[in-house]
Amino acid sequence: MLLAALLMSACTGPDVRRLDGAQLMKTLEQQVTLPKGASPLSDYTRYYTLTNDGMLVGIYVKDFDGGDRQAHLASEREMPIFFDGGCSVIEVQYDPDANKVLRIRCNGIA
């Protein structure tokens, strides 16, 4: 499993704890480093949801869904689910309170 984490000092940007979903998506996308083997971020349609515990969870999808290669805020119920796809599907978890990417990985391959 490929895991990567990126920590950015909170003093270099806005107070992320006070940002709305759209601003959180932008903040994350400005600092995220994709896993080895992934395409550039602009090649993916990005789906995000805010969880009950305050995390921003994202699924980046390339090619499968005919997506628009934009970022979208969705409810947890509306989030796409993939069980494979390699680096055509990337999962990310971001903690706004810590301004830290907790997990980013390519999906497995079935």
Requested in this report: May I ask you to verify whether R46 is in contact with a strand residue (DSSP E or B) (Cβ under 7 Å, 6 or more places away or on another chain), at pLDDT 95 or above and basic (K, R)?
Outcome: yes
Requested in this report: Please work out which one of (1) at pLDDT below 95; (2) more than 12 Å from L50 (Cα to Cα) is the condition V89 fails and give its number.
Outcome: (1)
Query raised in the report: Which of (1) touching a residue at least 40 places away in the same chain (Cβ under 8 Å); (2) closer than 18 Å to A22 by Cβ; (3) in a loop (DSSP other than H, G, I, E, B) does D68 not meet, given it meets every other one?
Result: (1)
Query raised in the report: Going through the stretch 4-24 one residue at a time, which ones are under 20 Å from V61 (Cβ atoms) and either modelled with pLDDT under 50 or not hydrophobic (A, V, I, L, M, F, W, C) (or both)?
Result: A4, G21
Report task. Consider I59 carefully, then state whether it is over 18 Å from G21 (Cβ atoms), touching a Lys or Arg at 6+ places or on another chain (Cβ under 9 Å) and assigned to a strand (DSSP E or B). Result -> no
Requested in this report: Could you please let me know if F83 is surrounded by fewer than 14 Cβ atoms within 10 Å (Cβ to Cβ), at pLDDT below 90 and within 20 Å of S42 (Cα to Cα)?
Outcome: no
**Report entry** Members of the stretch 44-59 found to be of a type in the set (D, E, K, R) and either touching a helix residue (DSSP H, G or I) at 6+ places or on another chain (Cβ under 7 Å) or surrounded by fewer than 15 Cβ atoms within 10 Å (Cβ to Cβ) (or both), listed by number
**Finding:** D53
Report summary line: Flagged in the stretch 30-56 as in contact (Cβ under 8 Å) with a residue 24 or more places away in the chain and part of a helix (DSSP H, G or I), in numbering order, are Q31, S42, D43
Requested in this report: Kindly establish whether T27 is part of a strand (DSSP E or B), touching a helix residue (DSSP H, G or I) at 6+ places or on another chain (Cβ under 7 Å) and at pLDDT 90 or above.
Outcome: no
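The values are calculated or read from the model by the stated rules, or taken from the named source; none is laboratory data. Here the structure is a predicted model, which is why all the values come from computation and not from measurement. Cβ atoms come from the backbone with ideal geometry, glycine included; neighbour counts cover every protein chain shown.
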